[in-house]
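Here the structure comes first, spelled out in structure tokens, and everything after it is commentary.
The values are calculated or read from the model by the stated rules, or taken from the named source; none is laboratory data. Everything quoted here is computed from the prediction, not taken from an experiment. Reconstructed Cβ throughout: ideal geometry from the backbone, glycine too, with neighbour counts over all protein chains shown. Heads up: the accessible areas ignore ligands, DNA and RNA and are worked out on the full protein's heavy atoms, side chains in. Shrake-Rupley method; radii C 1.70, N 1.55, O 1.52, S 1.80 Å.
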Amino acid sequence: MFKSLKSLLSVSTIAFALAVTASSAGAQSPGGTIVITTTPEPATITNALSSAPTTAELATKIFDGLLEYDMDLNPIPSLAESWEVSEDGLSVTFNLRKGVVWHDGVPFTSADVQFSLLEVVKEYHPRGKGNLGPVTSIDTPDDYTVVLNLEHPYVPLMRGLSSLESPIIPKHIYAGTDFRNNEAVNKPIGTGPFKFVEWVKGSYIRLERNEDYWREGKPYLDSIVFRFIADSATRAAGLESGEIDVATFGTINPVEMRRLESLDGISIAVGGYEAISPVMLLELNNQRPPFDNKLVRQAVAYALDRQRIIDTVWYGFGKPAVGPISTFVAGSGAFTDEGIRDYAVDDRLEIAGKLLDEAGYPLKDGKRMSIIHDPAPFGEDWRRMGEVIKQQLGKVGIEVELRNRDYPSFVRAVHNEYDFDMSSSWYIGMADPTLGVQRNTWSKMINPEVPFGNSSGYKNPEVDRLWEAAQTEADPDKRNEYFHDLQRLLVEDSPLIWLMEMDLVAVQRDRVKDLITSPFGIRGGLYDTWVEK
Amino acid sequence: MLSNSAKPTLLRKILSTPTGAIGMALLTTVILLALFASVLFPEGPFEMVGAPFRPPFGEYLFGTDMLGRDIAAGIAYGARISLLVGAVATLVIVLLGTVVGGLAGYYGGWIDTAAMRVTEFFQTIPTFIGAIVIVAVLGPTLPNIIGAIAVVSWAPLARLVRAEVRSVKGREFVEACLSLGMGDMRILVVQILPNVLSTIVVAGSLMVATAILFEAGLSFLGLGDPNIMTWGFMIGAGRSAIRTAWWMVTIPGIAVLLTVLAINLIGDALNEALNPRAKR
């Protein structure tokens, strides 16, 4: 009782503080346009059919999901006003918002939800099976009620119903057509805060305020323009000159981001990636020597200086990862650092040396073994990281040869043929470990047909059992126990090297206010965002 | 031509011109740097020796790069690669060019026609793009890079040698050799080649500079061998930080500039020494 009272008090204090800052900064003034630069230009702008990052950045302004999430990743209302999970966890009832209309004026109903989730997102979205897999049918007792029927209890379901993961698209436009070739795919009609206006290929996409948006008085902005500029230096110059208001992560080199940050009128927009919880890792080939040996994998985990990698290669945009499940999901209780092997100890290099001795790789002429590292072909920063890793592993006698390859040959060798020793990559952990983290270490994800799964070929029956138990467990506390066990087991076994929790920060002009107000950040609806005049 | 007694005179001739002297001085510095790289910087060019982004002329002569690597070490080890690529690629180009050009020029007829069509084929490919394609397909390793540079650069030399051989072949002393019953190969190697050598040496010396630039260009584009420190690699890596740290790009850039300049100066001096009539 006392505890809840205290938390209530602190919540109201925060709310009060927020109200004070909001009023002292001047109320959100409506109007204005912001220009966002992102890269690459998306191929399509309907994210029900694609999981490409830039597709999502655009589509989340145009479409809504059933739910949104607060900063602790708890569900909050969106198109669904309220919901109820049945006691056995086998059905979820959503009460939909009334009076919502599509951008073309047609009323939004439960039929749209049934159609979108079951026929489009579950079938066509690359993460649809993960988010909605156990949903067997959807009932629509009336226009404003939907009931999702599940094969088994599935807690992750309630974390994957945002406009980013499961957007609701209009049935009256898509039903009975070839979805991918429907012309609405690139002239989308949604229920979201902004309407699509035009797309000048190779140049920009313009979105305009939805006057009939169901959130009263929102959005504040008149329009949002997404500009596509091929060169990173030009994007940085655009931000510097004020031509561009927001540059998403990856559009400007980290070193340039640090330079721009020091200029007047430009700052780093921290946050807004909690819901996708990105983690960078090294994949080790667990199916062949030397990384089929746990001692060697642990030695690598000890030998790497994560903080140095973060500071030099990534200019501080991240923090060392403890294990596969990141602190981003700490709010749900899935994260733990209790009983986890700590690889960042002071005598880590000595330990690494001992482990390698024990594994049968004694030091001969300053060298124990040679391996090949394929840095991810995602840009020069990844190559720099390869160079640092080469030096750091060289210190414990692991000689690393770097091999740079183009994207298609990289994916073929590493993710289809599993012909590699060590490779770098990153994954989005999503709001629930079952959705994002599981695929890297669950043995059922060893599939050469599907890249970026369990490419390291790691098989551990106990790990499989825990992942599978977490999929169907209805009790959140019990699931979190499973995740904590997984965390301990995986970090101890070290099949992959988790390097850092990535901060996918954006760079913004200071005239843009309230850019990051949700765990989706720029991948949210931006209906709270406004500009100072 | 380059007999023992002629060697000192040739060197003296080169050194007597101001361009030659400057060129030789610069090149000697680069060679010494390459030779003593591992003595000067025993920890190697990839070792992160200090804090990143240290400006030059402080704790480190040329500063450190974005990872804290000593740029001076990179320059010294990069000199090795530049010189190695320049020398080996030129050797391959000269060998290929001389063999193809010599045979085509000497025999004429269908051999000439066939050889010239092949060289034309190679000449129609834009050289740098050709090198990029070869390295991209075969993979970025040092032998592949040297091979790619040689493959795209030998054709002009072959045509040059062919033209020279043809003009020498028409001279009386060659006819005299023929009438004495000398074999084709002997005439070509012993009689004609020495008379063409000065042209080959001058053209070859300039090829060294081109090869170094090619290698730097390929590394700059990320097509260098990632396990080897080169000047082009340093420029390419430092490019993204150019607004924050000018020295990461500028210093290796100056190294490329001075080396290529030195070789061109020596080439000019060689040309004057070996073909005095050609210029005046």
Per the filter on the stretch A:411-469, residues of a type in the set (D, E, K, R), within 18 Å of the chain's Cα centre (by Cα) and not in a loop (DSSP other than H, G, I, E, B) are A:439
Residues of the stretch A:391-404 being open to solvent by less than 30 Å² (accessible area, probe 1.4 Å) and in contact with a Pro (Cβ under 8 Å, 6 or more places away or on another chain), in sequence order, are A:402, A:404
Worksheet item: Restricting attention to the stretch A:144-160, does a residue exist that is more than 28 Å from residue A:473 (Cβ to Cβ), of a type outside the set (Gly, Ala, Ser) and in contact (Cβ under 8 Å) with a residue 40 or more places away in the chain?
Response: yes
Only one of A:235, A:259, A:306 is within 13 Å of another protein chain (Cβ to nearest Cβ), in contact (Cβ under 8 Å) with a residue 60 or more places away in the chain and under 25 Å from residue A:375 (Cβ atoms), namely A:235
Residue A:337 passes all but one of the listed conditions (1) surrounded by fewer than 17 Cβ atoms within 10 Å (Cβ to Cβ); (2) on the phi > 0 side of the Ramachandran plot; the exception is number (2)
Within the stretch B:217-235, restricting to residues that are under 21 Å from residue B:47 (Cα atoms), in a helix (DSSP H, G or I) and not β-branched (Val, Ile, Thr), the one that is farthest from the chain's Cα centre (by Cα) is B:234
How many residues of the stretch A:405-421 are within 14 Å of chain B (Cβ to nearest Cβ) and surrounded by 21 or more Cβ atoms within 10 Å (Cβ to Cβ)? The answer is 1
Checked the stretch A:241-257 for anything surrounded by 18 or more Cβ atoms within 10 Å (Cβ to Cβ), over 15 Å from the mean Cα position of the chain (by Cα) and within 15 Å of residue A:508 (Cβ to Cβ); matches are A:244, A:245, A:246, A:247, A:251, A:252, A:256, A:257
| field | Boolean, residue A:57 is farther than 21 Å from residue A:217 by Cα, open to solvent by 50 Å² or more (accessible area, probe 1.4 Å) and part of a helix (DSSP H, G or I) | value | no
Only one of B:190, B:249, B:202 is open to solvent by 10 Å² or more (accessible area, probe 1.4 Å), in a helix (DSSP H, G or I) and at pLDDT 90 or above, namely B:249
Taking the stretch A:154-180 and keeping only residues that are out of contact with any Lys or Arg (no Cβ under 7 Å at 6 or more places or on another chain), crowded, with 19+ Cβ neighbours inside 10 Å and part of a loop (DSSP other than H, G, I, E, B), one is left with A:154, A:160, A:161, A:162, A:163, A:166, A:167, A:168, A:169, A:170
In the stretch B:161-187, residues that are touching a Gly at 6+ places or on another chain (Cβ under 9 Å) and either open to solvent by 70 Å² or more (accessible area, probe 1.4 Å) or without any contact (Cβ under 8 Å) to a residue 12 or more places away in the chain (or both) total 3
The correct count of residues that are at pLDDT 90 or above, within 11 Å of chain B (Cβ to nearest Cβ) and either open to solvent by 30 Å² or more (accessible area, probe 1.4 Å) or outside any helix (DSSP H, G or I) (or both) in the stretch A:369-390 is 6
Evaluate the following for residue B:212: is it surrounded by 23 or more Cβ atoms within 10 Å (Cβ to Cβ) and either of a type outside the set (Ser, Thr, Tyr) or within 12 Å of chain A (Cβ to nearest Cβ) (or both)?
yes
Given (1) of a type in the set (A, V, I, L, M); (2) assigned to a helix (DSSP H, G or I); (3) buried (at least 23 other Cβ atoms within 10 Å of the Cβ), residue A:499 misses just (2)
**Asked** Would you call residue A:121 modelled with pLDDT of 95 or more and either part of a strand (DSSP E or B) or among the hydrophobic types (A, V, I, L, M, F, W, C) (or both)?
**Response** no
Quick one: would you say residue B:43 is within 14 Å of chain A (Cβ to nearest Cβ) and open to solvent by 40 Å² or more (accessible area, probe 1.4 Å)? yes
The correct count of residues that are within 14 Å of another protein chain (Cβ to nearest Cβ) and open to solvent by less than 30 Å² (accessible area, probe 1.4 Å) in the stretch A:262-302 is 1
Being out of contact with any helix residue (DSSP H, G or I) (no Cβ under 8 Å at 6 or more places or on another chain) and not hydroxyl-bearing (Ser, Thr, Tyr) narrows B:150, B:136, B:131, B:155 down to just B:136
In the stretch A:155-190, anything under 19 Å from residue A:64 (Cβ atoms) and among the basic types (Lys, Arg) is listed as A:159, A:171, A:187
The correct count of residues that are in contact (Cβ under 8 Å) with a residue 12 or more places away in the chain, within 11 Å of chain B (Cβ to nearest Cβ) and over 11 Å from residue A:304 (Cβ atoms) in the stretch A:391-404 is 6
Result of the Cβ filter at 9 Å on the stretch B:15-34, keeping first residues that are outside any helix (DSSP H, G or I) and partners that are among the hydrophobic types (A, V, I, L, M, F, W, C), at least 6 apart or interchain, is B:17/B:265; B:17/B:269; B:17/B:273
Restricting the stretch A:351-368 to residues that are touching a residue at least 24 places away in the same chain (Cβ under 8 Å) and closer than 21 Å to residue B:228 by Cβ, the one nearest to the other protein chains (Cβ to nearest Cβ) turns out to be A:366
Checked pairs for the stretch A:443-454, first open to solvent by 50 Å² or more (accessible area, probe 1.4 Å), second small (Gly, Ala, Ser), C-beta under 8 Å and 6 or more apart or across chains, list as A:445/A:453; A:447/A:453; A:452/A:425
Would you confirm whether any residue within the stretch B:227-237 is touching a residue at least 40 places away in the same chain (Cβ under 8 Å), within 14 Å of chain A (Cβ to nearest Cβ) and surrounded by fewer than 22 Cβ atoms within 10 Å (Cβ to Cβ)? yes
Across (1) away from chain B (no Cβ under 14 Å); (2) surrounded by fewer than 22 Cβ atoms within 10 Å (Cβ to Cβ); (3) not charged (D, E, K, R), residue A:431 clears everything bar (2)
Considering residues that are open to solvent by 40 Å² or more (accessible area, probe 1.4 Å) and either over 13 Å from residue A:30 (Cβ atoms) or touching a residue at least 60 places away in the same chain (Cβ under 8 Å) (or both), the number found within the stretch A:204-213 is 4
Residue B:207 vs (1) buried (at least 24 other Cβ atoms within 10 Å of the Cβ); (2) over 20 Å from residue B:130 (Cα atoms); (3) away from every other protein chain (no Cβ under 11 Å): all pass except (2)
